[in-house]
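The values are calculated or read from the model by the stated rules, or taken from the named source; none is laboratory data. Everything numeric in this text was worked out from a predicted model, so none of it was measured. Don't worry about glycine lacking a Cβ; one is built from the backbone with ideal geometry, like all the others, and counts go over all protein chains shown. Side chains are part of the model used for accessible areas, which takes the heavy atoms of the whole protein and leaves out ligands, DNA and RNA. Shrake-Rupley method; radii C 1.70, N 1.55, O 1.52, S 1.80 Å.
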Amino acid sequence: EITEVRAMEILDSRGRPTLEVTVGLRDGSIDVAGVPSGASTGRREAVERRDGDPARYDGQGVQGAVEAVNGEIADLLRGRTWTGLPNVDTALIDLDGTANKSRLGANAIVGVSMACARALAAASGRELWRWLTPAGVQPRLPVPSFNVINGGVHAPNPLDFQEFMITPIGAPSMAEAVRAGAQVYAALRRLLHSLHEVTGLGDEGGFAPQIREPEDALRFLVTAIENGGYRAGADGVMIALDPAASEFHHDGRYRVAGAHLSSSELIDRYTEMLAFFPIWSIEDGLAEDDWDGWAYLTARLGDQVQLVGDDIFVTNTAIIADAIDQRIGNAALIKVNQIGTVTEALHAIDTCRQAGYAQMVSHRSGETTDTFIADLAVGSGCGQLKTGAPARGERIAKYNRLLRIAAEHPELAYGPCSVEA
Ligand code: PGA
Ligand code: ZN
């Protein structure tokens, strides 16, 4: 039985307000969740509720969402025995009553969903990741993608592509993958320093050098991988990109380092990058509204590289199902706050799995020290997680959680699942 549901305003990693939600059970156990927040959000995401009062936090306050938790949501959940998270999440969706969770706020709802998941897991005596594992699924330690160069809306540099990640695809274990990420990150810092580049950090902990061509960032990564003591390639460390192309798509053109590219010209650019650099994954290579371009991108490169939909899919099962029908992409990014409940995120993962689409669980650029997504990545068995650089406390919290799970459960398999169905 849920006896307590409450929220308060806390800060996220950008110093902006977000929610912390606490759920207590009759047995005395108490669980807390911190709500993440994106900066390059998809148009069809569940809607984050902000107060808009310019006198507080430049309008970014979340007191309204906090009140929704402490009032309506607490009234709904308290004093009742809930048999499973799907029941809780369905009740939250019904109470909100909108298609995009805008009335109560997706930030309110997702915090409650995450805290309830923790509480119900604790009541069952199981660890969160184990409790989250769907029937018939093998939990698995995910290969991490470390975002080591930041651009786009995550950093004040001229680089249009948002994320340059390193993925230790050839690492034999979780601990070795984390070591590879940290060593390459350190090598990258030394390299940038030697080139008199700034080593200040972007929102996700990656460096934000004053470069603008994506190929320059790729060259830096290959050098850093080698200087860090690894091979750049499938037996060592590979590169994953998240250009977040919706952010530089204007009037039907993609603006990359001063050039105005059509979809097919940008696809040509990716094709060239794939020929010269060890890239295994491209997320949001084209804009969320460019479905024709995405179909062409998938037809051209889908058998060579993972093509992840983030802004275009927004962890929404209905949109992912459309994309599967139209052969758009071959993988989905999974962000719990993008759809608004843990149950719906698990459903999106399941839909992908059934269709042979890969899944990558993800943080947001605005985070707290909450480690829910580490458990979700392991429990869902999806095989992939991106949660920023191996630096900054809110990112490290997730990687350290993975290290702890790995150390305590040597029986867990590690690494990406095959992309093929
Ligand atoms: P966001 O970016 O959290 O700022 O939306 C992350 C991403 O695009 O993957
Ligand atoms: Zn993205």
Checklist entry - From the residues 377, 110, 246, which one has its Cα farthest along the dipole of the chain in the positive direction, the dipole being from +1 and -1 charges on Cβ of Lys/Arg and Asp/Glu about the Cα centre? => result 377
Item to check | On Cα atoms only, tilt of 174-194 relative to the major axis of the chain in degrees | outcome: 50 degrees
Checklist outcome for this item: GNM on the chain, Cα springs under 10 Å; top mean-square fluctuation among 203, 375, 75 goes to 75
Checklist entry - For the peptides 86-99, 341-354, 377-390, 104-117, what is the packing order when you average, over each peptide's residues, the other Cβ atoms within 10 Å and list the highest mean first? => result 104-117, 377-390, 341-354, 86-99
Item to check | Using alpha-carbon coordinates, inclination of helix 342-355 to the longest axis of the chain, degrees | outcome: 50 degrees
Item to check | Accessible surface, per residue, of the range 1-127 when the full set of protein chains is kept, probe 1.4 Å, Å² | outcome: 42 Å²
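Please work out how much length the chain gains when fully extended from residue 260 to residue 407, using 0.36 nm per residue of separation minus the C-alpha to C-alpha distance, in nm with one decimal.
Values: separation 147, 0.36 × 147 = 52.92 nm, distance 4.87 nm.
Contour length minus Cα-Cα distance gives 48.1 nm.
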Checklist entry - Using a Förster distance of 45 Å, how high is the FRET efficiency between residue 189 and residue 1, based on the Cβ-Cβ distance and rounded to 0.05? => result 0.35
Item to check | the range 166-213, dipole about Cα centre (Lys/Arg Cβ +1, Asp/Glu Cβ -1), debye to the nearest 20 | outcome: 160 debye
Checklist outcome for this item: Rounded to whole Å, √(5λ) for the Cα gyration tensor eigenvalues of the chain, largest first, gives 34, 23, 21
Checklist entry - Cα-Cα pairs above 17 Å in the range 114-179: how many percent? => result 64 percent
Checklist entry - Which of the lysines could be linked to residue 101 by a straight reach, that is with a Cα gap under 17 Å, when you skip same-chain ones fewer than 8 residues away? => result 335
Next on the checklist: Kirkwood Rh and Cα-based Rg: tell me the resulting Rg over Rh for the range 117-224, rounded to two decimals.
Outcome noted: 1.13
Next on the checklist: Test of understanding: in a Gaussian network model of the chain with alpha carbons linked when under 10 Å, which of 151, 206, 38 would top the mean-square fluctuation ranking?
Outcome noted: 38
Next on the checklist: Quick query: amide H of residue 19 versus all other amide H atoms, modeled in the peptide plane; which residues come in under 5 Å with a sequence gap of 5 or more or a different chain?
Outcome noted: 10, 35
Checklist entry - At a 1.4 Å probe, what is the % contribution of carbon and sulfur to the accessible area of the chain? => result 49 percent
Checklist entry - Along the positive direction of the dipole of the range 10-75 (beta-carbon charges: Lys, Arg +1; Asp, Glu -1; about the Cα centre), which of 30, 64, 52 reaches farthest? => result 52
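Give the shape of the range 339-414 as rounded, prolate or oblate, defined through the alpha-carbon gyration tensor: a ≥ b ≥ c are the square roots of its eigenvalues, a/c under 1.5 means rounded, and otherwise the shape is prolate if a/b is larger than b/c and oblate if not.
oblate
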Next on the checklist: If each residue of separation counts as 0.36 nm, what is the full-extension length gain between residue 251 and residue 14 once their alpha-carbon separation is subtracted?
Outcome noted: 82.3 nm
Item to check | Cα centre as origin, Lys/Arg/Asp/Glu Cβ charges: the range 216-334 dipole, Debye | outcome: 400 debye
Item to check | Calculated log₁₀ intensity ratio I(q)/I(0) where the Debye formula runs over C-alpha points of the range 272-406, q = 0.11 Å⁻¹ | outcome: -0.40
Checklist entry - Given a Förster distance of 45 angstrom, what is the FRET efficiency for residue 355 paired with residue 58, based on the Cβ-Cβ distance and rounded to 0.05? => result 0.60
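Which order do 190, 395 take by accessible area at a 1.4 Å probe, largest first?
Sorted descending by solvent-accessible area, the residues read 190, 395.
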Checklist entry - Once both axes come from the Cα atoms, what is the angle between helix 106-124 and the longest principal axis of the chain, in degrees from 0 to 90, rounded to 10? => result 70 degrees
Next on the checklist: With +1 on the Cβ of every Lys and Arg and -1 on the Cβ of every Asp and Glu, and nothing else charged, how large is the dipole of the chain about its Cα centre, in debye rounded to the nearest 20?
Outcome noted: 900 debye
Checklist entry - How do 270-280, 291-301 rank on mean C-beta neighbours within 10 Å, highest first? => result 291-301, 270-280
Next on the checklist: Running a GNM on the chain with Cα contacts under 10 Å, which residue among 128, 76, 266 ends up with the highest mean-square fluctuation?
Outcome noted: 76
Checklist outcome for this item: The simple spin-label model distance between residue 289 and residue 98, using points 7 Å out along Cα→Cβ, in nm, is 2.1 nm
Checklist outcome for this item: Any residue on another chain or 5+ positions along whose placed amide H is under 5 Å from the amide H of residue 357 is listed here as none
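What percent do you get for the relative contact order of the chain when only Cα pairs under 8 Å and 6+ apart count?
After rounding, I find 20 percent.
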Checklist outcome for this item: Sorted by chain and then number, the residues having a modelled amide H within less than 5 Å of the amide H of residue 306, at least 5 places away or on another chain, are 281, 282
Next on the checklist: Using alpha carbons only, how many angstrom separate the centre of the range 358-421 from the centre of the range 242-311?
Outcome noted: 25 Å
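Take each of the peptides 191-198, 256-263, 215-222, average the number of other beta-carbon atoms within 10 Å over its residues, and list them starting from the highest.
On the way: 191-198: 13.6, 256-263: 15.2, 215-222: 19.2.
Output ranking for 191-198, 256-263, 215-222: 215-222, 256-263, 191-198.
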